[in-house]
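Report on the structure given below.
The values are calculated or read from the model by the stated rules, or taken from the named source; none is laboratory data. Just so it is clear, the model here is predicted, and its values are computed rather than measured. Backbone-built Cβ (ideal geometry, glycine too); neighbour counts: all protein chains shown.
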Amino acid sequence: MSQQTLFEFADTTNNCISEEVEQELADKQRQKDLELKKKQEKEKSSVRKKGLLKRILEKDINTEELLTDLNTAQTDAVKHKDGPMLVLAGAGSGKTRTVTRRIAYLIYEHGVNPYSILAVTFTNKAAAEMRERVESILGESLKGMWISTFHSACLRILRMYIDRVGYENDFVIYDVDDTEKVIKQSMKALGIDKEKYKPRAIKSEISMAKAEQMDPAYYETVCEGDFEEKVAFVYKDYQKRLKANNALDFDDLIFLTAKLLDEDEEVLKRLQSKFKYIMIDEYQDTNFAQHNFAMQLSRAHKNLFVVGDDDQSIYEWRGAEIENIIEFEQNFPDDDVKIIDMITNYRSSDNILEVANSIICKNSYRKKVEFLQGILGPGEPVYLVEAYDEKKEAEFVARTVVELTYAEGVKASDIVVFYRTHSQSRVLEETFIKNAIPYKVFKGTSFYERMEIKDVLAYLKFVANPRDSVSLERIINLPRRGIGKKAFEKICIEAQRMNICAGELILRINQLPRITLPKALHRKIIDFGKLINEFSKFAEENTVYNLIMKILTDIDYYEYLRKTFEENYAERQENVKELLSTIADFEKSDALDDEGRTLKEFLSYLTLLTDMDKSDDEYMERVSLMTLHSSKGLEFDTVFLTGMEEGLFPTFSAFDDFKKLEEERRLAYVGVTRAKRQLFISYATQRMRFGKTLNLKSSRFVREIPVELLKMMIAR
DNA sequence: GATACGTACCTTTTT
DNA sequence: GGTACGTATC
């Protein structure tokens, strides 16, 4: 679209287009700024590095400072240098502080090169926090040090070496949505009835197999029963399809890295000699492949420092193995494994801790014998609230929130409401709206799963990787260009006949001989191919940001949104704009090294990002609503633990399974230990579930708490 | 290819 | 009670 037509649009239609123009004009300036900033940063970091080295050599830094305000257990952990160590860090025991100080201590006191340190966490948020805190202690930007999530660490390793396990280095990552589509394709091709076998169940079984590092061939030999047999077929075909699309799923990132370390001695040696000090956070949540990753990398030097809390293991249902932490020392039969118990809790009042301890002591499979010890004194009583039904419960929460925020001056953002399942948020939300209480629901990965975001990303993905047939299918008729489902099928069949992938057929249709497709379709494909080829060419010389701007304009995406979603198109447009600002941030951030800021890297980065990683300011002055699973690692002044009913929490499905029941109990423990000052535990005697009203009694977890620790209330 | 209705389902989800 | 998906119909 030419400049002129753009301006014409701007004059005659709504202001979104003129904003677009403004953005485009501002963009040139932005790019200049970006280049300037890059230059400055490069200069700065070289100066900084000199400073750091010099200071270390001259012992200009007082390492004793790194030990101030630490208790004995924390000091021991911080000072530890070589050999395996397990730090059992109870809830609120100052784990992050200990880990970050230890990294600083390694560098300053022991002269370890930051380049040799690998620190792994599970969430982007935890990784960012750790990096930030280490950098603030050291006053340096530590670009050479790997502080990242399991997935991004593995991503970086695979980008370098994946060709050694038979893949190509420029792979893309498929998210949950994409992989489910591939599973469905696979089932269809194999003639497996998706009514009888749920694609999601198969996906999760494959996920479990990968967590246990079983490849399709091995899985085939150990699968048992009808369902697993079907999974074995799908697994094999699914991997083939991913490979044909030049794509990996989330689990592959870990699975293939572990496999690489197992099978390629040369790569293993190289990585072992790079990562001389390895730290893993939340070790109770590692699965076999992750555990193996850690063990392999540290096998030569044994400098493996793991932190975790078996009492907070809540992801066994996803393949995490609590044994990894409980039986940690058995991995090192010939070594002295040091174990540190951090049981002093700096977060919660004694009343809250007593409740927490009384819950967790009912579990039998535990590493620790001791319980959390507080330092803050008894504090407020813990309330147990009985409500007639879920509505009354929600009203109680709302009323109390209003009281706390108005009368007691508690900030809304310091209040959280926990529940076992997302479905419970509905009543709470309705009640909060009625009472004009600002709130924010935390839900898995909602933002990047929004349709409009996935549309835009699908264009990018296909441009980056023409073999990505999942993305192709999404965009080929978006906006409508007369290539529907049937037409796409024809294309796929034709491509298969010619032994190429659909993307290649589309992009190279002019050079392909003997193609037999209907004339009209042929024409349309040529047009579409031209469009994509133009994008690819553009991508080579422009930033991702500009590429998206071009795509949005060329396909007239905002117009498409307006036509398709009359009521809420503005919101969807907002989402796209938010994506654009994320990209702008990405381009100037140091999330990746300089060379890695390509389209593919950007896509990987986005795929590995979740809603939870978005900036905090969105949650300012709002009450948080989230599942107990999402709560791990967080803390709040006031906690409402709702829906504590037998059958809901613990869920019915855990009743007959000892291990599951203990995991549920740990979940309750995690919830309680999030509270700093005030804790309200509540249950309803009656609750609507699946359209039926159930009569429920309070959760066994509640009844296990000695009555004298609770102040009973009835919510009317 | 869009719409309208019927029916099956219904944990938790760091990436 | 709500939804998400599949099929019947135009």
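In the stretch A:686-705, the qualifying residues are those that are β-branched (Val, Ile, Thr) and away from DNA strand C (no atom under 16 Å from the Cβ), and the one that is farthest from A:GLN373 (Cα to Cα) is A:VAL702. Quick one: is A:TYR560 among the aromatic types (Phe, Trp, Tyr), modelled with pLDDT of 80 or more and under 20 Å from A:ALA126 (Cβ atoms)? When the stated conditions are applied, A:TYR560 does not pass them.
Every residue, every condition in (1) among the aliphatic types (A, V, I, L, M); (2) within 16 Å of DNA strand C (Cβ to nearest atom), yes or no:
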| residue | (1), (2) |
| --- | --- |
| A:PHE658 | no, no |
| A:GLU662 | no, no |
| A:ALA684 | yes, yes |
| A:VAL707 | yes, no |
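Evaluated against (1) assigned to a helix (DSSP H, G or I); (2) modelled with pLDDT of 90 or more, A:ARG467 falls short on exactly one condition, (1).
As for the stretch A:335-342, it holds at least one residue that is basic (Lys, Arg), at pLDDT 95 or above, over 21 Å from the mean Cα position of the chain (by Cα) and not in a helix (DSSP H, G or I).
Among the residues of the stretch A:343-373, those identified as assigned to a strand (DSSP E or B) and touching a residue at least 40 places away in the same chain (Cβ under 8 Å) are A:THR344, A:ASN345. Per the listing A:LYS692, A:LYS676, A:LYS697, the residue uniquely free of Cβ contacts under 8 Å to residues at least 60 places away in the same chain and away from DNA strand B (no atom under 16 Å from the Cβ) is A:LYS697. If only residues of the stretch A:283-337 that are buried (at least 21 other Cβ atoms within 10 Å of the Cβ) and β-branched (Val, Ile, Thr) are counted, the one that is nearest to A:GLU263 (Cα to Cα) is A:THR286. When A:PRO438, A:PRO466 are screened for being in contact with a Cys (Cβ under 9 Å, 6 or more places away or on another chain) and either within 16 Å of DNA strand B (Cβ to nearest atom) or not basic (Lys, Arg) (or both), only A:PRO466 passes.
When we screen A:ILE509, A:ILE526, A:ILE491 for residues that are under 38 Å from the mean Cα position of the chain (by Cα) and at negative phi, the only hit is A:ILE491. Answer yes if at least one residue in the stretch A:436-448 is at pLDDT 90 or above and exposed (fewer than 14 other Cβ atoms within 10 Å of the Cβ), and no otherwise. Yes, because at least one residue in the stretch A:436-448 is at pLDDT 90 or above and exposed (fewer than 14 other Cβ atoms within 10 Å of the Cβ).
Residue count for the stretch A:86-127, restricted to those that are in contact (Cβ under 8 Å) with a residue 60 or more places away in the chain, among the small types (Gly, Ala, Ser) and farther than 25 Å from A:ILE343 by Cα: 1. When A:GLN678 is tested against (1) at pLDDT below 95; (2) crowded, with 23+ Cβ neighbours inside 10 Å, just one condition goes unmet, and that condition is (1).
With respect to the conditions (1) closer than 25 Å to A:TYR238 by Cβ; (2) part of a helix (DSSP H, G or I); (3) charged (D, E, K, R), A:GLU452 lacks only one, and its number is (1).
Results for (1) under 17 Å from A:THR63 (Cβ atoms); (2) basic (Lys, Arg); (3) not in a helix (DSSP H, G or I), shown as yes or no for each residue.
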site	(1), (2), (3)
A:GLY92	no, no, yes
A:VAL99	yes, no, no
A:ARG131	no, yes, no
A:GLY144	no, no, yes
A:ILE147	no, no, yes
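The residues on offer are A:TYR197, A:TYR218, A:TYR174, and the sole one that is surrounded by 15 or more Cβ atoms within 10 Å (Cβ to Cβ) and more than 20 Å from the chain's Cα centre (by Cα) is A:TYR197. For the stretch A:394-432, the set of residues classified as away from DNA strand B (no atom under 16 Å from the Cβ) and assigned to a loop (DSSP other than H, G, I, E, B) consists of A:ALA407, A:GLU408, A:GLY409, A:VAL410, A:LYS411, listed by residue number.
Note on the stretch A:149-223: enclosed helices (runs of 4 or more DSSP H) holding 1 or more residues that are acidic (Asp, Glu) and closer than 30 Å to A:LEU460 by Cβ are A:176-190.
Taking every residue in the stretch A:183-211 that is under 26 Å from A:ALA258 (Cα atoms) and among the acidic types (Asp, Glu) and pairing it with any residue that is near DNA strand B (Cβ under 10 Å from one of its atoms) and modelled with pLDDT of 90 or more, at least 6 positions away or on another chain, yields no pair with a Cβ-Cβ distance below 7 Å. Tell me, yes or no, whether the stretch A:375-392 has at least one residue that is touching a Gly at 6+ places or on another chain (Cβ under 9 Å), crowded, with 21+ Cβ neighbours inside 10 Å, farther than 30 Å from A:THR257 by Cβ and at pLDDT below 95. Scanning the stretch A:375-392 turns up at least one residue that is touching a Gly at 6+ places or on another chain (Cβ under 9 Å), crowded, with 21+ Cβ neighbours inside 10 Å, farther than 30 Å from A:THR257 by Cβ and at pLDDT below 95. Take A:GLY484 and decide whether it is within 30 Å of A:MET620 (Cα to Cα) and either touching a His at 6+ places or on another chain (Cβ under 7 Å) or free of Cβ contacts under 8 Å to residues at least 24 places away in the same chain (or both). Criteria not met by A:GLY484. If you check A:LYS524, A:LYS530 for being at pLDDT 85 or above, surrounded by 15 or more Cβ atoms within 10 Å (Cβ to Cβ) and over 18 Å from A:LEU457 (Cβ atoms), only one passes: A:LYS524. Would you call A:ALA244 surrounded by fewer than 16 Cβ atoms within 10 Å (Cβ to Cβ), within 16 Å of DNA strand B (Cβ to nearest atom) and either within 26 Å of the chain's Cα centre (by Cα) or not basic (Lys, Arg) (or both)? No.
Against the definition (in contact with a Phe, Trp or Tyr (Cβ under 7 Å, 6 or more places away or on another chain), surrounded by fewer than 24 Cβ atoms within 10 Å (Cβ to Cβ) and of a type in the set (A, V, I, L, M, F, W, C)), how does A:PHE227 come out, yes or no? Taking the combined requirement at face value, the residue satisfies it.
Annotation note: of A:LEU472, A:LEU478, the sole residue that is more than 30 Å from A:VAL672 (Cα to Cα), more than 14 Å from DNA strand B (Cβ to nearest atom) and in contact (Cβ under 8 Å) with a residue 24 or more places away in the chain is A:LEU472. The residue of the stretch A:295-334 that is farthest from A:VAL112 (Cα to Cα), among those that are of a type in the set (Lys, Arg) and not in a helix (DSSP H, G or I), is A:ARG299. One residue stands out in the stretch A:403-416 among those that are among the aliphatic types (A, V, I, L, M) and more than 21 Å from the chain's Cα centre (by Cα): the one that is farthest from DNA strand C (Cβ to nearest atom), namely A:ALA407.
Filtered by the rule that a residue be among the aromatic types (Phe, Trp, Tyr) and in contact with a Phe, Trp or Tyr (Cβ under 7 Å, 6 or more places away or on another chain), the stretch A:566-588 gives a lone residue, A:PHE586.
A:SER604 - would you say it is in contact with a Leu (Cβ under 8 Å, 6 or more places away or on another chain), more than 12 Å from A:ILE415 (Cβ to Cβ) and modelled with pLDDT under 90? Judged against the criteria, A:SER604 is a match.
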